[in-house]
Amino acid sequence: MGTLRETSPRLRRLSIQNSNIVKLDLSGSAVEDLEIVDSTVKDLVFPKNLVRLTLSNHTTERLRIPKTVRALRLNQVQWKELPELPRNLEELDIGDCTGFLKLPLLPPTLRVLRLPRTRISPLGVVPQRLEELDVLDSRIKAAELQDLPSTLRLLAVDPQVYGEIRRLPSSLRDLRFSPPPDEPAVSSR
């Protein structure tokens, strides 16, 4: 696979799975949503209007995330640290990325932060616009969750950690716990 520059001017979403690609140049494409799963891309040129980027079990070296990205989902990437985040990022999901030990400065525009099954600690400064926070099966302690923003609507947290949180924001509408090991999850829906 090479370039999509001239082949698909109307293409908006591109999903690449189980591939080994030497060079992929999307610079002239209209792709807004790019997903790369179980693949290696050695030389990747991002599209200019990329809004959503998903990398899952991606073996390429750490990438520079385009400034246009508003939603970034990294799952089981083997990087040691997160790259610099775009200033207008609204959603960050880094579940199952056990190589990350700390978060960079989070952009004030961030509304969704998902850190399940990570080793990140401490949480650091939480953006005041945050609406969703998932820290299930993570190293985040209750002490780091005492001053949650008043905009928070969803909190996913371990029951032990929840029990130590002194005050929850009145905006909270959805509270999720993880099931204990060896027990199936129970859905309230």
Pairs with Cβ under 8 Å, 6+ apart, first in the range 16-31 and on the phi > 0 side of the Ramachandran plot, second modelled with pLDDT under 85:
ASN18/ASP38; ASN18/SER39
Answer from GLN146, GLN160, GLN128 - the residue that is under 20 Å from the mean Cα position of the chain (by Cα), farther than 19 Å from GLY95 by Cβ, of a type outside the set (Lys, Arg) and modelled with pLDDT of 90 or more
GLN128
Only residues that are farther than 15 Å from ARG70 by Cα, of a type in the set (Lys, Arg) and either buried (at least 16 other Cβ atoms within 10 Å of the Cβ) or within 13 Å of the chain's Cα centre (by Cα) (or both): list them for the range 101-125, please.
ARG117
Quick check: anything in the range 90-98 surrounded by fewer than 16 Cβ atoms within 10 Å (Cβ to Cβ), on the phi < 0 side of the Ramachandran plot and out of contact with any helix residue (DSSP H, G or I) (no Cβ under 7 Å at 6 or more places or on another chain)?
yes
Do you know which of the residues in the range 163-178 that are under 22 Å from the mean Cα position of the chain (by Cα) and not acidic (Asp, Glu) is modelled with the lowest pLDDT?
SER178
Test: residue in the range 40-51 that is under 18 Å from GLU84 (Cβ atoms) and either small (Gly, Ala, Ser) or touching a Lys or Arg at 6+ places or on another chain (Cβ under 7 Å) (or both):
yes
Quick one: count up the residues across the range 68-84 that are over 20 Å from THR40 (Cα atoms) and buried (at least 19 other Cβ atoms within 10 Å of the Cβ).
1
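The values are calculated or read from the model by the stated rules, or taken from the named source; none is laboratory data. Note that the coordinates shown come from a computational prediction; the quantities given were computed from them, not determined experimentally. Cβ: placed from backbone, ideal geometry, glycine included. Neighbour counts: every protein chain shown.
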